Amino acid sequence: MSALLPVEEAQARLLALCAPLAAEKISFSECFGRYTSDDIVAQRDQPAAPQSAMDGYAIRFADLPGPWTIIGESAAGTAPDRRVNAGEAMRIFTGAMLPDGADTVIVQEDVTAYDTTLPLTGDGPGPRGRHIRARASDFAAGDCLLPAGTRLTPGAIAAAAMSGANQLAVGRRPRVAILTTGDELVQAGRALAPGQIPDSNSPMLAAMLAGEPAIVSLPHHVRDDRAILAKVLKDLVRRHDVIVTVGGASVGDHDHVRDALQDAGGNIDFWKIAMRPGKPLIAGRIGDAVLLGLPGNPSSAFVTATLFLLPLLRHLAGARDPLPAIHQAPLATALDGGGARRDYLRARLENGRLTPFVGQDSGMTQPLATANALLIRDIAAAPRDAGAMAHYIVIA
Ligand code: AMP
Ligand code: MG
């Protein structure tokens, strides 16, 4: 058992196998989910000049309580055409530039306009400067809005767009091939002969990768044949940065991934991790590509893809922090102690409490349908009562 690699060590070795891919410049419409290659530094102040946060009237605070003479209008999109002098008010709208001379905005609910005369009919604005967004109150030119290696979420894209950037430098997306192995597998939806099962891992992995910065080829399938597998690996390596095999990673007579990798000129960096499910995971290199060999059991493939494949793709695409975040929550039920490998128990987090499923057989797919968390139980962890804290990873 001592030969099994701890999960963190295996993750670190996998990421050390390959450097992030080169950067490319892309437009905002393409950048969702990508990772920034450079710091995004604001090129402008936002707002670039003081502006109104409300619909109302721009006045001089010293003129309160009014009344005022309305001298014109400032709407979003154009600069005001004159300044506000003593006793004057300018109609103003949200996002419009504050005219020179004014220092406060009264909301329209607090005044009533009679032609060009504007008396106060409500409470007034409060302190000087009320309802004004000061210049650079959002950010100033030179501020770092997003450090390099940040995932471009919708909010991050908004900040980058407002910063004055034109195109964004992001890490290139790895080209990924998924290669299922196994004589028993049939494309999901097709008729099954006795002994055959639907290939559930291909559509599962395609869905896991759909939100990731990766270019995924159509899935490939090969029979349990070492020579064919080696030939297909040699072929795929010419067009891909990552080759993911599924199944055939263990020690059975029909498990050919390790031998085929070597036949194809690749080499294994590590094999067998101190985790359950997922022990037979293989990582290696072939040509310029990384090979990740996932075990075929559905839960094993899911857990190893979560802990290794997604971080590998994020690392290649330029993520600063590619590993899944680990959270804590109290257990809803008691939990037995841990064994010789770290467990990633399919579990459900509901109302802030974690319930591990009773069925943890790695061959089962049904628990994957309802799990929204992987509960982490460390090697030799002591038994815990309900209410004790446990670590988990969000998976849905
Ligand atoms: P293996 O890792 O090839 O030894 O496969 C372990 C178990 O996972 C076997 O019961 C296989 O039938 C099953 N399995 C392998 N690949 C897939 C797949 N793509 N979809 C669903 N089950 C699979
Ligand atoms: Mg197999």
Review point. Name the pairs whose Cβ atoms lie under 9 Å apart, with the first residue in segment 228-242 and farther than 10 Å from A289 by Cα and in contact (Cβ under 8 Å) with a residue 12 or more places away in the chain, the second among the basic types (K, R) and surrounded by fewer than 23 Cβ atoms within 10 Å (Cβ to Cβ), and 6 or more positions between them or separate chains?
Key: L229/R223
Revision key, fill the gap. Residues of segment 260-288 being more than 24 Å from D183 (Cβ to Cβ), without any contact (Cβ under 8 Å) to a residue 60 or more places away in the chain and buried (at least 24 other Cβ atoms within 10 Å of the Cβ), in sequence order, are none
Practice item. Quickly run through segment 247-293 and pick out the residues that are in a loop (DSSP other than H, G, I, E, B), at negative phi and within 13 Å of ligand 2 (Cβ to nearest atom). Key: A249, S250, V251, G252, D253, H254, D255, H256, P280
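Results for (1) out of contact with any strand residue (DSSP E or B) (no Cβ under 7 Å at 6 or more places or on another chain); (2) within 16 Å of ligand 2 (Cβ to nearest atom); (3) on the phi < 0 side of the Ramachandran plot; (4) not in a loop (DSSP other than H, G, I, E, B), shown as yes or no for each residue.
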residue: L179; (1), (2), (3), (4): no, yes, yes, yes
residue: D183; (1), (2), (3), (4): yes, yes, yes, no
residue: P198; (1), (2), (3), (4): no, yes, yes, yes
residue: L205; (1), (2), (3), (4): no, yes, yes, yes
residue: I228; (1), (2), (3), (4): no, yes, yes, yes
residue: K231; (1), (2), (3), (4): yes, no, yes, yes
residue: T245; (1), (2), (3), (4): no, yes, yes, yes
Review point. G211 passes all but one of (1) of a type outside the set (A, V, I, L, M, F, W, C); (2) within 22 Å of C18 (Cα to Cα); (3) modelled with pLDDT of 95 or more; (4) away from ligand 2 (no atom under 16 Å from the Cβ); which number fails?
Key: (3)
Point to revise | Test for I215: is it touching a residue at least 12 places away in the same chain (Cβ under 8 Å), more than 13 Å from ligand 1 (Cβ to nearest atom) and over 27 Å from L5 (Cβ atoms) | key: yes
Revision key, fill the gap. Contact list, first residue from segment 314-339 and of a type in the set (K, R), second anywhere and exposed (fewer than 13 other Cβ atoms within 10 Å of the Cβ) and in a loop (DSSP other than H, G, I, E, B), beta-carbon distance below 8 Å, six or more apart or interchain, is R320/P147
Exercise for review: Would you mind stating whether A191 is more than 16 Å from ligand 1 (Cβ to nearest atom), free of Cβ contacts under 8 Å to residues at least 12 places away in the same chain and outside any helix (DSSP H, G or I)?
Suggested key: yes
Check your understanding: Would you pick out the residues in segment 125-155 that are within 25 Å of M54 (Cα to Cα) and buried (at least 17 other Cβ atoms within 10 Å of the Cβ)?
Key -> P125, R130, H131, I132, R133, A136, F139
Study note, to complete from the structure: Only one of (1) buried (at least 24 other Cβ atoms within 10 Å of the Cβ); (2) over 17 Å from A177 (Cα atoms); (3) within 15 Å of ligand 1 (Cβ to nearest atom) does not apply to T304, and that is (2)
Study note, to complete from the structure: Exception for D255 within (1) in contact (Cβ under 8 Å) with a residue 40 or more places away in the chain; (2) near ligand 1 (Cβ under 10 Å from one of its atoms); (3) surrounded by 20 or more Cβ atoms within 10 Å (Cβ to Cβ) falls at (1)
Revision key, fill the gap. Restricting segment 194-212 to residues that are under 32 Å from the mean Cα position of the chain (by Cα) and without any contact (Cβ under 8 Å) to a residue 40 or more places away in the chain, the one nearest to P295 (Cα to Cα) turns out to be D199
Study note, to complete from the structure: Across segment 214-226, the tally of residues that are assigned to a loop (DSSP other than H, G, I, E, B), within 16 Å of ligand 2 (Cβ to nearest atom) and out of contact with any Ser or Thr (no Cβ under 8 Å at 6 or more places or on another chain) stands at 1
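The values are calculated or read from the model by the stated rules, or taken from the named source; none is laboratory data. Bear in mind that the values here come from a model prediction, so they are computed numbers and not experimental data. A quick note on method: Cβ atoms are made from the backbone with ideal geometry, for glycine too, and the neighbour counts reach across all protein chains shown.
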